[in-house]
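Working notes, beginning with the structure itself.
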Amino acid sequence: MVFFHGENTPLMTIFIGVLIAARFILLYQKGDVIYFLLGVIAGGGNDVMSMWREVYSYAPPTVLPVPIPVWMVVFWGLAFLFLRRLLRYGSFVDEWETRLVNFPFVLDLIVVVVYRIIVYNYAAEPWLPGALFAFILAVRILLAPPTAKERRLMVLILVLGPFYEALLISGGLYNYQNPAFLGMPLWLIVYWIFIIRFIKTVFSWMERKIPDSIYY
């Protein structure tokens with residue numbers, strides 16, 4: 001649907017609204033509301049910030065003050081619900097993490113901040129962001145090597161992440177600066193490999209620590 005009608009903002013807004021309603025009716029799990037809202041805030045917020053910093057640009061018309069269609073902001077909620085299910089598969093789950101503040105997570109926080117600074121300031125540079133992203137990820141992995149299940153997850157997302165991006169780009173939804181592979185800059189591919197580890201840690205902590213009383 002996004003591939004064929006991504007530029008039709010009214011149609012996509014209706015479609016995504018129906019899809020969200022169907023997802024909650026048919027596949028609801030306790031806590032999905034929290035993950036959905038987190039996706040809208042974190043994923044949608046990152047999109048809005050990236051538009052503002054001109055890291056990439058959306059083609060469809062919008063009613064928002066930044067050039068991103070409103071349906072794409074809430075679509076991130078669905079993406080986080082998908083990631084929640086993916087990260088609960090036994091093939092990717094180590095022991096549930098009960099401490100959010102630990103050495104690997106502190107490293108990931110630092111990397112997230114540094115990555116954002118790099119891409120917001122140097123996205124227009126052809127090779128610099130990708131080289132810096134790759135170097136930083138290599139240092140991160142050397143300092144705190146991922147487990148076997150985390151490595152398996154990182155390999156999977158190396159396939160799924162770029163495939164998802166390439167599909168949306170080829171459908172004319174948005175364009176990145178300095179595309180190097182299937183419309184993507186090199187730093188984006190490295191970012192997909194890194195960010196799934198960070199999300200996995202946050203989600204595993206949420207599964208154990210958020211009180212049932214605030215789940216819906």
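The values are calculated or read from the model by the stated rules, or taken from the named source; none is laboratory data. Everything numeric in this text was worked out from a predicted model, so none of it was measured. Here the Cβ positions follow ideal geometry from the backbone for every residue, glycine too, while neighbour counts run over all protein chains shown.
Annotations for the structure displayed:
- Across the range 132-147, a minimum of one residue is classified as in contact (Cβ under 8 Å) with a residue 12 or more places away in the chain, β-branched (Val, Ile, Thr) and not in a helix (DSSP H, G or I).
- The listed residues are Glu150, Glu125, and the only one of them that is in a loop (DSSP other than H, G, I, E, B) and surrounded by 14 or more Cβ atoms within 10 Å (Cβ to Cβ) turns out to be Glu125.
- Hey, Leu167 touching a helix residue (DSSP H, G or I) at 6+ places or on another chain (Cβ under 8 Å), within 30 Å of Pro61 (Cβ to Cβ) and assigned to a helix (DSSP H, G or I) or not: yes
- Pairs with Cβ under 9 Å, 6+ apart, first in the range 185-198 and over 12 Å from Asp108 (Cα atoms) and modelled with pLDDT under 90, second surrounded by 21 or more Cβ atoms within 10 Å (Cβ to Cβ) and of a type outside the set (S, T, N, Q): none
- Considering the conditions (1) part of a loop (DSSP other than H, G, I, E, B); (2) among the hydrophobic types (A, V, I, L, M, F, W, C); (3) surrounded by fewer than 14 Cβ atoms within 10 Å (Cβ to Cβ), Ala21 is excluded by exactly one of them, (1).
- Some residue of the range 174-185 being small (Gly, Ala, Ser), within 30 Å of Ala59 (Cβ to Cβ) and over 17 Å from the mean Cα position of the chain (by Cα): yes
- Output for the range 35-69, where each listed residue is among the β-branched types (Val, Ile, Thr) and under 19 Å from Leu188 (Cβ atoms): Val48, Val55, Ile68
- Of everything in the range 54-68 that is surrounded by fewer than 13 Cβ atoms within 10 Å (Cβ to Cβ) and of a type outside the set (Asp, Glu), the residue that is nearest to Asn175 (Cα to Cα) is Pro61.
- Filter result for Ile41 (surrounded by 13 or more Cβ atoms within 10 Å (Cβ to Cβ) and in a helix (DSSP H, G or I)): yes
- Pairs with Cβ under 8 Å, 6+ apart, first in the range 30-54 and in contact (Cβ under 8 Å) with a residue 24 or more places away in the chain and over 18 Å from Ala123 (Cα atoms), second assigned to a loop (DSSP other than H, G, I, E, B) and aliphatic (A, V, I, L, M): Gly31/Ile210; Ile34/Ile210
- Within the set Leu158, Leu142, the sole residue that is closer than 29 Å to Pro60 by Cα and among the hydrophobic types (A, V, I, L, M, F, W, C) turns out to be Leu158.
- The lone exception for Tyr164 - which of (1) within 16 Å of the chain's Cα centre (by Cα); (2) crowded, with 16+ Cβ neighbours inside 10 Å; (3) not aliphatic (A, V, I, L, M) it fails: (2)
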